[in-house]
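**Student:** Before I ask anything, here is the structure I am working with.
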Amino acid sequence: MSLKAIVKTTREKGFDYMDVEMPKVGPRDVLIKVKAAAICGSDLNFYVWNKAFCEGLVKELPFIPGHECSGEVVEVGSAVTHVKAGDRVSFDSHIPCGYCRQCQIGRPHTCTNMGLFGHNMNGCFAEYTVAKETGVRKIPDALSWEAAALLEPLGVVIRPVLESGVSMSTVCIAGCGPIGQFAISLTSALTASRIFAVDINPQRLALAKEMGATDLIDAREKPNFGDYLINETEDGLDIFIDASGNVHTINEGLRSLRFGGTMYMVGNPKEPLVIENPMRKITLREVTIKGNWGRSMFETWEKAENFLLSGKINLDKIITHRFPMSEYEKAFEIAKSGEGCKILLYPEE
């Protein structure tokens, strides 16, 4: 039996929409009929074939990208016990090994032998996909397929937002793509006293306002926005969350923090990160810089589900485009242009 899938076949820009064989189900595998899938920034790297990102990550071509999705269980392997055919599920893109030191001390999300669904193994841009049992989680009946497909990216910012203690704090979120918009919505729901949003895209800044940002900063007009943030907050920000990956933005964020402030790095810098005047920016002011890699499995998922079920995050504003998988090229070109926010793909019945 064959199925339709979006496939990366060459180390050049573009994908192919083609017939592929139905994946085989191993003892600890789960076969899932995909209901909704979302485009992530990493999928854009595969689309344009960003060599620095793709080489060493993609094991071999052809392969099927996509890792943010939801679906219905069709078949389970002989050793799978916690899900069954007919269950509604989503799944984490991180596939921990279960036996390395990180897994054994309760940190499977930083597994040193990590498999990455849709990155170094076939993903979900297809009618059916196979996922490892360790990454699959049943979802509440009240959660829509679309909302469930966004649990993975939403979980990326759940941890830094909750750990930071944003309530009644001054917060700046740089980079107003989907991850940044989730962060803005969460900090607003958790009653941050003031939320600054930084971007260079007017559409995304306008959306940030709708998601709960109190102040908008166009970095084209204020490239050195650190001075503005310091003046607006008297002695600096409590929290800076970077979802941009821009090195200059990160330095401005560090400069804008108060004594004892915290920066959470969620974005992926595309160039070497050189911190300007680190003695003054970090050491003398006792600033904390914390990296964030994915989700805490599966504590983060439960919290993400609760946020969505509570209605505190308006997905109607974040999901700006929907396409059948056959129209993937149009979808990826829109994503590449920065138009809109989250783009969803659907297998065609």
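Every read-out reported here was derived from the displayed coordinates using simple, explicitly stated rules and does not represent laboratory data. Remember, it's a predicted structure, so these values are computed and weren't measured experimentally. Don't worry about glycine lacking a Cβ; one is built from the backbone with ideal geometry, like all the others, and counts go over all protein chains shown.
**Student:** Cross-link partners among lysines for residue 33, C-alpha distance below 23 Å, same-chain residues fewer than 8 apart left out?
**Tutor:** Straight-distance partners of residue 33: 4, 8, 24, 84, 132, 138, 342.
**Student:** In whole Hz and in residue order, list the ³J(HN,Hα) couplings for region 169-176 that follow from phi through the Karplus curve 6.51 cos²θ - 1.76 cosθ + 1.60, θ = phi - 60°; x for Gly and Pro.
**Tutor:** Here the 3J(HN,Hα) series is 10, 8, 10, 10, 10, 9, x, 9 Hz.
**Student:** Now for a separate question. Check residue 267: other-chain or 5+ apart residues with amide H under 5 Å from its amide H, H built from backbone geometry?
**Tutor:** 242, 243, 244, 245
**Student:** List every residue whose amide H lies under 5 Å from the amide H of residue 49, counting only residues 5 or more places away in sequence or on a different chain, with H placed 1.01 Å from N in the peptide plane.
**Tutor:** Sorted by chain and number, the residues that satisfy this are 14.
**Student:** Let me ask another. Give me 75, 271, 146, 252 ranked fewest to most by other Cβ atoms within 10 Å of their Cβ, as a rough exposure proxy.
**Tutor:** Details: 75 16, 271 10, 146 19, 252 26.
Lowest count first: 271, 75, 146, 252.
**Student:** Which cysteines in the chain lack any other cysteine whose Cβ sits under 4.7 Å from their own Cβ?
**Tutor:** Singleton cysteines: 40, 54, 97, 100, 103, 111, 172, 176, 341.
**Student:** How do 166, 25 rank when sorted from fewest to most other Cβ atoms within 10 Å of their own Cβ?
**Tutor:** Numbers: 166 24, 25 16.
Exposure proxy ranking, most exposed first: 25, 166.
**Student:** Next question, about the same structure. Specify the angular offset, from 0 to 90 degrees and rounded to the nearest 10, of the alpha carbon long axis of helix 151-164 from the longest principal axis of the alpha carbons in the chain.
**Tutor:** On a 0 to 90 degree scale, this one is about 30.
**Student:** Still on this structure, I have one more. Consider just the alpha-carbon atoms of region 262-322 and return their Rg together with their Dmax, both in angstrom.
**Tutor:** Calculated on Cα positions, Rg and Dmax stand at 17.3, 49 Å.
**Student:** What are the ³J(HN,Hα) values, in whole Hz, obtained from phi via the Karplus relation 6.51 cos²θ - 1.76 cosθ + 1.60 with θ = phi - 60°, for each residue of region 29-44 in sequence order, with x given for Gly and Pro?
**Tutor:** Result, rounded to whole Hz: 9, 10, 8, 10, 7, 5, 9, 8, 9, 10, 8, 10, x, 5, 5, 5.
**Student:** Related question: So what is the relative contact order of the chain, in percent, for Cα pairs below 8 Å that sit 6 or more residues apart? Kindly include the intermediate steps, with their values, before the conclusion.
**Tutor:** On the way: 773 pairs, mean separation 59.5, N = 349.
For the chain, the relative contact order is 17 percent.
**Student:** Residue-wise, which Karplus ³J(HN,Hα) couplings in Hz belong to region 123-136, taking 6.51 cos²θ - 1.76 cosθ + 1.60, θ = phi - 60°, and x for glycine or proline?
**Tutor:** x, 10, 7, 7, 5, 9, 9, 10, 10, 6, 3, 5, x, 8
**Student:** For region 157-291, calculate the relative contact order in percent as a whole number, restricting contacts to Cα pairs under 8 Å that are 6 or more residues apart.
**Tutor:** On the way: 269 pairs, mean separation 28.8, N = 135.
Reported relative contact order: 21 percent.
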